[in-house]
1. What is segment 2-67's relative contact order, in percent, from Cα pairs under 8 angstrom and six or more apart in sequence?
2. Assign one of three labels to segment 2-67, namely rounded, prolate or oblate, based on the Cα gyration tensor with a ≥ b ≥ c the square roots of its eigenvalues; rounded applies when a/c is under 1.5, prolate when it is not and a/b is larger than b/c, and oblate otherwise.
3. Which entry in [x] 0.98; [y] 0.93; [z] 1.01 matches Rg/Rh (Cα atoms, Kirkwood Rh) derived from the coordinates of this structure?
4. Between Asp45 and Ala32, what is the label-point separation in nm under the 7 Å Cα-to-beta-carbon projection?
5. Going 7 Å from the Cα of Glu67 in the Cα-to-Cβ direction, what parts of segment 4-21 have a backbone nitrogen less than 15 Å from that spot?
6. Give the residue from Asn152, Val224, Leu208 lying farthest towards the positive end of the charge dipole for the chain; charges sit on Cβ (+1 for Lys and Arg, -1 for Asp and Glu) and the dipole is referred to the Cα centre.
7. Taking 7 Å along the Cα-to-C-beta vector as the label spot, tell me the Leu95-Asp258 distance in nanometres, rounded to one decimal.
8. How far is helix 11-24 tilted off the main Cα axis of the chain, in degrees rounded to 10, range 0 to 90?
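We did not get these values from a lab; they are worked out from the coordinates using the rules stated. What you are looking at is a predicted structure, and each value in this text was computed from that prediction instead of being measured. Quick reminder, even Gly has a Cβ in these numbers, built from the backbone with ideal geometry, and neighbours come from all protein chains shown.
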Amino acid sequence: MIITTGFDPIPEIVNRARVLAERTGCLYAPRAKFSMTKLVKQYGDEQILVVLQEAVRLITPEMPPMEFHPSMGFVRAKRIIRGESDPMIDAAGMLPGDSVLDCTAGLGGDSLLFAVTGGEHSRVTALESSLPLYALLLEGMSQYVSGQIKVNEALRRIDVRLGDHLEYLKAQPDNSIDIVYFDPMFRVPMTDSAAISPLRKFANPAALSAESVAEAVRVARKTVLLKEKALSGEFTRLGFTELLRASAKTSYGVITIDNRD
């Protein structure tokens, strides 16, 4: 993947793009006067991350640019800040200060909700196995500015990491994280979801494994949570209790961890 800037960037943006390239192991390509097409031809890579002063965009052929934005996560975060409930937070049983491992970060909306709920004393780790999405999250969460100070602060607190969730879980001690969360690509896609469709090009399409769930149960202190399409057979296959919600197209499944000495 190439990391570049817009035309005529200020030095700060050039530095941010260089730092991001170094941190992700990607190639930094000075934009100069190159179009996207010429950059692809020059460097032989079709995936380009563009760092801008107020945005970061992932560009790939035959798809509209994907720009970091909390989207519905921002709307839900504002509700949480107002003191309203959220079905994911309720299902997880999350309290301020709890630690969370989001094993399938995607575009980061759920990690944001955990960080807002957890507050400044919580620890939220957003794990993503796709390098392009990881780079998009890393830059977006560190730079995105919303109209809500608490949202901005929550985004900055999220620890974004690149890696396979099973390998990451295996490396964690027993009972070391309060909540472990999975939101894999649904086995049966929700075709009406415009936000998810572009994500499928980059996200890991593999089904969640029973081994990953077993490791999550070992690591979690409170709950293991799974988001899936309502009435999905994945809940039963993986041992989750589905929490059905009236008229909702998605459900959360929960495994509650018994108190362990």
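1. On the way: 89 pairs, mean separation 22.6, N = 66.
Across segment 2-67, relative contact order equals 34 percent.
2. Working: a/c = 1.37, a/b = 1.33, b/c = 1.03.
Note, shape of segment 2-67 comes out rounded.
3. The value matching this structure is [x].
4. 1.7
5. Under cut-off, by backbone N: 6-7.
6. In the chain, that residue is Asn152.
7. Reported label-point gap for Leu95 and Asp258 is 2.1 nm.
8. The two axes meet at around 50 degrees.
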